[in-house]
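Input: a single structure, listed below in structure tokens.
What follows draws every value from the coordinates through simple rules; no lab data is involved. Because the structure is predicted, anything quoted here is derived from the model rather than measured. Don't worry about glycine lacking a Cβ; one is built from the backbone with ideal geometry, like all the others, and counts go over all protein chains shown.
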Amino acid sequence: MTGDPVDILVIGGGVNGAGIARDAAGRGFSVVLCEQGDLGSATSSASTKLIHGGLRYLEYYEFRLVREALVEREVLLRAAPHIIWPLRFVLPHDRTMRPAWMLRLGLFLYDHLGGRKLLPPSRSLDLRRHPAGAPMADGWSKAFEYSDCWVEDARLVVLNAIDARERGASVLTRTRCTGARREDGLWSVTLQSTETGETRTVRARVLVNAAGPWVGHVLNARIGVNARHAVRLVKGSHVVVRRLYEGPHAYIFQNDDRRIVFAIPYERDYTLIGTTDVDYEGDPGEVAISDAEVAYLCRAVSKYFATPVMPADVVWTYSGVRPLYDDEAGNAAAVTRDYVLELDAPPDAPALLSIYGGKITTYRRLAEEAVNRLQEPLRAAARPWTAGSPLPGGDIPEADFDGYLAGLSARRPWLPPALARRYARAYGTRTEMLLDGAAGLADLGRDLAASCGGQVYEAELRYAAAQEFVRTGEDFLWRRTKLGLHLDAEARAEVSAWLAGRTAVPGNEHAPQLRSSMGGNR
């Protein structure tokens, strides 16, 4: 690649890298983002899928982090009401663990630290009378209920990348940074396609290392710079089982080791259980759940539910590696979820910004601070803008998702209600782009999931390939959607074959696909 240098080259297409690319492109900077796999294919798609303040962080006196996260919770809810929505959490009181007064105090702070406006406050529950007590084992009578939000984490990454691209950024997936060096006042960065092996060189005024769990490897092996900070890799694993209870609420359970475990309604028919906190030393690309983690999660929730959850009940698992800033905490669960930005800007040399830690809830604030820090070495200034701007598809009036869905169904009465809801939840107002020109189901093309009634029409795959960087069946079935849980093997194969035929790389049609960071049974 030749031509004029770009302002910023971002290494890493997780939520932090995509958020930085979006913010910078929106301020008028020229941006290139490279990601060695699919967008959000590692840590950012392996979270517990919550936009939350982090109630347990209060116990570690992380008041600034909790306040920032609580403020961001409402900012993001307004920005993307199609992929982020309120969720009520039920916290049963265990007399052998934290005392009731401590929980009440923590929830009082949680209600008031972030200037809550959109979400209802916490309250006490009598599990003997409230529906939330129905699936509970005998002996549980008192609980507390509070609000946080759910997020489709992998879609959050993609929406940031889409917005970055539409604001002028170049987003290169399946493209690895193989080397970077300072040369003639610029960064000279070598990029290589993981599909074809083709290489190119990009010159940039600033380099951002947002490689997540690979941040240290990129610094040492690709850039040749010694980091001043260390990253601590902590594995978090989740299991998915058939739905354990009725109702839209989630549970937060205190475990005997003083950690907490969530049980959350998932994909209509399932319950998501997680997460673990285990120090990790292997290749982040090879992470997978262990039998011990499966047993730990099943045991943790079985203490509370009347019907025990057994490892044999698990239908799917996923694991991710959190690249946490190493604050030398003895317990992996106690390691800070705050972020650190390391700026290396020698005189008369191009700047390097490395990202350590962070959590999905505060990605937008991290991105804003990162671009603020880069403006001095770029000798330019532009005001932050993302706090009041919706993400693609999120421009729903008054953030009223139900109102938008009702309008969509009225405009397209031929759409089956379940399909209309799925489209609206995934694509928001951009459902109109997906359905452009269609006057009936026949106009959406072939149903590739006809074998199981899944209703995956060619129009959706065309949209995903053209607009959402989708190249493989795994991209679509497990990250842009979670249809992999709902479709049978025949339908999954049909979707994968359709995408392989449409997005094959010339001369590389039989190249092996990248291994997912998600382990377990598919």
Q) Non-local amide H neighbours of Thr276 (under 5 Å, H modeled in plane, Pro and chain starts lacking H): which ones? A) Ser237
**Q.** Under-18-angstrom lysine pairs by C-alpha in the chain, whenever the two are 8 or more apart or on separate chains
**A.** 5
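Which order, highest average first, do 4-10, 94-100, 450-456 follow once you tally other Cβ atoms within 10 Å for each residue and take the mean per peptide?
With the highest mean Cβ count within 10 Å placed first, the list reads 4-10, 450-456, 94-100.
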(Q) If packing is taken as the average number of other Cβ atoms within 10 Å across a peptide's residues, how do 401-410, 203-212, 428-437 rank, most packed first? (A) 203-212, 428-437, 401-410
(Q) Between segment 354-410 and segment 456-491, what is the separation of their alpha carbon centroids in Å? (A) 25
Q: Subtracting the Cα-Cα distance from 0.36 nm times the residue separation, let me have the gained length for Glu432 to Arg200 in nm, one decimal.
A: 79.9 nm
Q) Given the Cα-Cα distance of Ala489 and Asp256 and 0.36 nm per residue of separation, how much length would full extension add, in nm? A) 80.0 nm
Q) Between Leu105 and Ala306, what FRET efficiency follows from the Cβ-Cβ distance if R0 is 25 Å, with the result rounded to 0.05? A) 0.25
Q | Distance between modelled label sites at Glu281 and Glu166, nm, 7 Å Cα→Cβ extension | A | 4.7
Q: Along Cα→Cβ, 7 Å out, is where each label goes; now give me the distance between the ones at Asp348 and Ser389 in nm to one decimal.
A: 3.6
Q | Helical contribution to [θ] at 222 nm, DSSP H n ≥ 4, -39,500 (n - 2.57), averaged over the chain, rounded to 500 | A | -8000 deg cm²/dmol
Q) Distance from the Cα centre of segment 286-319 to that of segment 216-258, in angstrom? A) 16
Q: In whole Hz, with x marking every Gly and Pro, tabulate ³J(HN,Hα) for segment 30-42 from phi via Karplus 6.51 cos²θ - 1.76 cosθ + 1.60, θ = phi - 60°.
A: 7, 9, 10, 10, 10, 9, 5, x, 8, 4, x, 8, 10
Q. If you take the square roots of the eigenvalues of the alpha-carbon gyration tensor of segment 233-275 and sort them as a ≥ b ≥ c, do you get rounded (a/c under 1.5), prolate (a/b over b/c) or oblate?
A. oblate
Q. For the peptides 296-302, 470-476, what is the packing order when you average, over each peptide's residues, the other Cβ atoms within 10 Å and list the highest mean first?
A. 470-476, 296-302
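Could you work out the relative contact order of segment 397-503? I mean the mean sequence separation of Cα pairs under 8 Å and 6+ apart, divided by the number of residues, in percent. Provide the component values of the computation, followed by the final result.
On the way: 97 pairs, mean separation 22.3, N = 107.
This gives 21 percent for segment 397-503.
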Q: Starting at the first residue of segment 101-116, write each ³J(HN,Hα) from the Karplus equation 6.51 cos²θ - 1.76 cosθ + 1.60 with θ = phi - 60°, in whole Hz, x for Gly and Pro.
A: 5, 5, 5, 4, 5, x, 6, 4, 4, 4, 5, 10, 5, x, x, 3
Q) At a Förster distance of 60 Å, what's the computed FRET efficiency of Arg299 paired with Ser451, Cβ-Cβ distance as r, to 0.05? A) 0.95
Q) So what are the ³J(HN,Hα) numbers for segment 296-305, from phi and the Karplus equation (6.51, -1.76, 1.60; θ = phi - 60°), rounded to whole Hz, Gly and Pro as x? A) 4, 5, 5, 5, 5, 7, 5, 4, 9, 7
